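**Q** Dropping a structure here in structure tokens format, bear with me for questions.
Throughout, read-outs are computed from the coordinates displayed, never taken from laboratory work. All values reported here derive from a predicted model rather than from experimental measurement. FYI the Cβ positions are ideal-geometry reconstructions off the backbone, even for glycines, and counts take in every protein chain you see.
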Amino acid sequence: MEKFLEENRLLFQNASWEASAAATHADGYGERLAALAMLDTLPGAHRKTLAADKGYDTRDFIADCRKRGATPNVASQTTR
């Protein structure tokens, strides 16, 4: 029997306390894809800042945040 684990993600927009949530498969990619999808739903044309732990420290994720006009504030991976 296969097990599919779900991970829950939550995004808050500080200024207005709007929240967004997503459930994804625990496959190592879902959390980053969910963060980008939630980032896409934030209203306004102003620059946004996204804070995340070291699990989000990948070249693709950082580049995708910047393409969306967001400044990624991501903890660095110290071991790889």
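**Q** Rank the residues K67, K48, K54 as a footprinting-exposure proxy: fewest other Cβ atoms within 10 Å of their Cβ go first. Please list the in-between numbers first.
**A** On the way: K67 9, K48 16, K54 12.
Listed from fewest to most nearby Cβ atoms, that is K67, K54, K48.
**Q** Evaluate E = 1/(1 + (r/R0)^6) for T71 and L33, where r is the Cβ-Cβ distance and R0 equals 25 Å; express this FRET efficiency to the nearest 0.05. Spell out each step's value before the answer.
**A** Details: r = 19 Å, r/R0 = 0.77.
Working from the Cβ atoms, E equals 0.85.
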